[in-house]
Amino acid sequence: MAEQEPSQIKSDILTRVRGLYLVFIAVVAVVLVRLVYVQFFAPETRINAKRLSTRIFLPDTVYAQRGSILARGGEPLATSIFRYQPQFDFASEGFADEETFRTQSDSLAKLLSAYFGDRSVDQYRRLLRSKRDSARRYRLGDPYDTTYYREDEGVLLLLLDLMTGRAKVTETVRDTLRNHRPTKILPRDVDYGEWEVLRKYPILNYNMGVTYSLAEYDRRIYPQGDLARRLIGRTGTAGNYGLELLYDDQLKGENGFSVRQRIARGFSTRVAEAEHQDAVDGMNVVTTLDLNLQDVADRALRAQLEKQNATWGTTLVMESQTGEILAMANLGRTADGRLTERENYALGYSMEPGSTFKLATILTLLDDAKMPPEKIYETHDGNPVTIGQAKNIRDSHRGDHAIALKRAVAGSSNVYFAKAVWEYYGQTGKKQQFSDHLHRVLGLGETVGLDSLGERKPSVTTDWKVPDPGIMLVKMSYGYRVQMTPMQMLTFYNAIANGGHKIAPVLVKELRQGDRTVATFKTHTLREKICSDETLAIVRDCLEEVAKTGTAAAYFSDTTRFSVAAKTGTAQITSGESGHYLGSMVAYFPAEHPRYTVLTTIRTKQQSGKSYYGAGLAGPVVKRVVDYLYAREEAWASTLEADSLHRRPTQLKGGSIRQLREVADRLASEVRVEERQGWGRASVDSLAAVQIKSLKTTRGTMPDVRSMGLKDALFVLEQCGLRVTVEGSGAVYEQSIAPAQPIREGDAVLIRLKR
């Protein structure tokens with residue numbers, strides 16, 4: 001027994017040691033498990049880790065700069081600049097000292113009030129203090145759940161709770177926090193130059209160790225104001241449209257990101273080892289717009305809309321050979337009567353074009369029906385006639401009777417084209433053939449490729465199952481019962497200017513990334529040939545006649561250096577309010593070798609003393625654009641704008657030929673005279689060239705003194721022995737005895753003058 005006692009003791013000791021080892025291992029295991037849980041699985045750990053990481057490491061977005069929209073010459077139409085706004089943390093410790101804050105904020109208030117001028121010093125002072133007081137107050141943070149083990153129980157109860165799943169307790173807690181939210185104090189975002197000044201002000205210069213972040217904003221600006229706004233578009237909360245929307249993916253670029261580490265209050269540095277990505281700035285969109293021409297078109301259209309008290313208008317200029325749109329002006333009235341770029345009428349307004357559609361009728365009659373251009377129809381001197389089932393068809397002017405095609409186009413005879421279409425397509429039952437030619441050959445039922453910018457599809461019927469097919473056919477012949485946008489009509493006429501090739505309009509030339517051209521856009525052909533060469537020659541001759549002797553002659557008949565081909569159109573709007581009209585003129589020049597095609601369409605209502613015909617409405621705008629395009633390529637002038645330093649004369653008073661020559665030689669581009677002595681009258685053509693015609697006086701006949709000044713007119717008339725009465729001032733515009741009428745010495749004559 002004595003020998004066994006040491007062995008038993010040893011065994012007991014070993015057992016106890018093994019138990020301690022097991023307890024130690026178990027404790028270590030529990031600790032390790034707890035550490036793993038706390039490190040990777042505990043909700044409060046994740047919350048605290050996130051909170052700590054955001055205090056030390058700051059995720060930062062590297063913003064891409066939006067690309068610019070440029071005119072063809074590189075002038076910015078829409079561009080982006082960075083703006084800055086400091087965002088303060090008024091809960092930071094830098095604001096803790098009351099006395100220091102009061103002193104610094106008072107100084108800052110004085111400086112901000114003087115710089116911006118939007119608030120008084122007291123108002124700025126109250127603003128800063130209210131922001132600080134609000135941020136220094138504690139608030140409850142967002143609620144979150146936290147889980148922990150019960151700690152008020154013994155081991156056995158804890159083991160029992162673990163087995164039954166009740167060892168963990170989950171509670172919802174909320175932290176008390178100060179308002180560390182970023183706060184703006186500047187009344188607006190500032191540019192870089194402004195920020196360089198402001199950053200030297202108290203508090204803004206970190207003299208209080210105040211934490212703030214400098215927010216950068218990519219702000220969109222439009223340097224040309226309202227010019228071409230509907231085409232350029234807009235981006236932002238007000239809604240995206242135009243080129244801004246169409247090329248948004250290319251313009252916006254790609255934002256990057258980085259990680260920054262705080263190293264002191266208000267200071268941080270980029271973490272080089274962290275993942276980052278540089279921003280890729282957006283591409284620049286280069287349009288086809290000629291900025292100077294766009295300005296001329298806008299001003300000309302605006303002036304005419306004001307003069308005629310019209311509702312809206314659009315002016316388009318296309319480069320004939322390339323299809324590039326050099327100008328697109330869209331002006332409409334707001335509720336308060338102002339003219340602004342409200343809608344894209346050129347693309348989004350589908351209308352009955354009126355007589356400009358007669359070009360389609362001519363091409364169809366000549367090529368499809370094989371009508372000879374010498375075909376004559378009686379037009380009835382402007383009196384209403386019935387053609388087929390269509391009643392009350394008439395021309396807007398008198399004087400024409402039996403005329404052929406050329407005169408019908410020049411005078412824009414509705415009766416002529418109605419009779420021709422009825423004879424070749426109505427009486428023969430070929431209405432479908434008529435519309436098929438409009439669609440398949442001329443392509444008038446299709447858009448011109450600008451659908452993405454809101455181009456409306458034209459409406460040219462192919463369905464003759466209507467209650468009045470005969471009336472529809474007749475109406476279509478002179479531009480009713482069809483609908484086309486101004487851009488579609490411009491493209492159609494440009495096909496004639498372009499030798500019969502119908503090409504799509506181009507609005508964007510290229511995309512650029514810095515100095516590198518990424519993509520180039522060229523025109524594509526819509527119709528290889530819309531008419532035969534023989535028909536093309538006839539149509540061109542007819543359109544030139546419109547400018548020489550027809551409805552556009554008031555604007556282009558005096559052009560001697562270059563010729564213009566044109567067509568006018570007037571359509572009464574049948575839907576909506578009565579008494580509303582659309583007046584249009586489309587022209588290309590030089591007629592022999594066209595370079596530009598111009599169109600203007602204006603909507604107005606019938607008003608006393610105002611025009612509602614196409615020539616009177618649209619003609620002045622088209623003429624002004626044509627004059628500018630020609631004049632700017634001449635060495636003697638850069639512009640014909642009213643406020644130009646190089647303004648050329650638009651009219652000269654008649655009188656002594658010697659004096660007229662002296663004035664014209666100084667101001668005009670060219671002077672042509674018949675005689676070098678005596679009396680004469682001066683006319684100024686669209687190229688500012690002056691032609692002086694001698695005043696032919698025959699004894700016993702009334703001389704023509706119109707356009708003369710009062711002094712010269714009195715001298716001539718009194719030389720004839722007439723007693724002269726004068727009304728008004730300026731130049732003579734009316735005389736009571738017509739020129740070349742017989743007169744006797746002592747007869748009385750009244751002359752009226754106006755400036």
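I need the fraction of alpha carbon pairs in the stretch 696-755 separated by more than 13 Å, rounded to a whole percent.
In whole percent, the share of Cα-Cα pairs in the stretch 696-755 beyond 13 Å is 53.
By its C-alpha gyration tensor, with a ≥ b ≥ c as the square roots of the eigenvalues, how is the stretch 476-623 shaped: rounded for a/c under 1.5, else prolate for a/b larger than b/c, else oblate?
Prolate, since a/c reaches 1.5 and a/b exceeds b/c.
Give, as a single signed number, the net charge of other residues whose beta carbon lies under 13 Å from the beta carbon of Lys522, with Lys and Arg counted +1 and Asp and Glu -1.
Net local charge, Lys522 excluded: -2.
Using a simple charge model, +1 on the beta-carbon of Lys and Arg, -1 on the beta-carbon of Asp and Glu, nothing else, what dipole does the stretch 696-755 show about its Cα centre, in debye to the nearest 20?
120
Return the subset of Lys475/Lys548; Lys419/Lys567; Lys502/Lys610; Lys110/Lys131; Lys391/Lys502; Lys711/Lys754 for which the Cα-Cα distance in this structure is over 24 Å, preserving the input order. Don't skip to the answer; put the middle values down first.
Details: Lys475/Lys548 27 Å; Lys419/Lys567 20 Å; Lys502/Lys610 36 Å; Lys110/Lys131 17 Å; Lys391/Lys502 35 Å; Lys711/Lys754 14 Å.
Violating the 24 Å Cα-Cα cut-off are Lys475/Lys548; Lys502/Lys610; Lys391/Lys502.
Sort Phe82, Phe492, Phe434 so that the residue with the fewest other Cβ atoms within 10 Å of its own Cβ comes first and the one with the most comes last. Before the final figure, lay out the partial values.
On the way: Phe82 14, Phe492 28, Phe434 24.
Placing the least packed residue first, the sequence is Phe82, Phe434, Phe492.
Find out how many positive minus negative residues lie around Leu473, taking Lys and Arg as positive, Asp and Glu as negative, among other residues whose Cβ is under 10 Å from that of Leu473. Please report the intermediate quantities before stating the final value.
On the way: positive: Lys430, Lys431, Lys475, Arg481; negative: Asp468.
Spelling it out: positives minus negatives among the neighbours equals +3.
Sort Phe24, Phe101, Phe357, Phe589 so that the residue with the fewest other Cβ atoms within 10 Å of its own Cβ comes first and the one with the most comes last.
Phe24, Phe101, Phe589, Phe357
Which value, in debye to the nearest 20, gives the size of the charge dipole of the stretch 591-632 about its Cα centre, when Lys and Arg are +1 and Asp and Glu are -1 at the Cβ?
Here the stretch 591-632 has a charge dipole of around 200 debye.
When the C-alpha atoms of the stretch 291-631 are aligned to their principal axes, what extent does each axis show, in angstrom, from largest down?
For the stretch 291-631, the Cα spread along each principal axis is 63, 46, 44 Å.
Rounded to the nearest 20 Debye, what is the dipole magnitude of the stretch 387-492 about its Cα centre when Lys and Arg each give +1 and Asp and Glu each give -1 at the C-beta? Working shown, then result.
Values: 14 positive and 9 negative charges, 69 e Å.
Here the stretch 387-492 has a charge dipole of around 320 debye.
Looking only at the stretch 696-755, where both bridge partners belong to it, what percent of the DSSP beta bridges are antiparallel (to the nearest 5)? All intermediate terms of the calculation are to be shown ahead of the outcome.
Numbers: 6 of 12 bridges.
Of those bridges, close to 50 percent are antiparallel.
How much net charge surrounds Leu722 when only other residues with a Cβ under 10 Å from its Cβ are counted (Lys, Arg +1; Asp, Glu -1)?
Once all neighbours under 10 Å are counted, the net charge is -1.
Measuring from centroid to centroid over Cα atoms, what is the spacing of the stretch 406-484 and the stretch 487-509 in Å?
19
Cβ neighbours within 10 Å, averaged per peptide: list 300-309, 539-548 in order, most packed at the top. Could the numbers behind the result be given before it?
Values: 300-309: 19.0, 539-548: 21.5.
My ranking of the peptides, most packed first, is 539-548, 300-309.
Determine, for Met472, Met585, Met371, the number of other Cβ atoms within 10 Å of each Cβ, and report the residues in order from fewest to most.
Met371, Met472, Met585
Just so you know, all these numbers are worked out from the coordinates, no wet-lab data involved. Here the structure is a predicted model, which means the values were calculated and not measured. With ideal geometry, Cβ positions are generated from the backbone for all residues, glycine too; neighbour counts draw on all protein chains shown.
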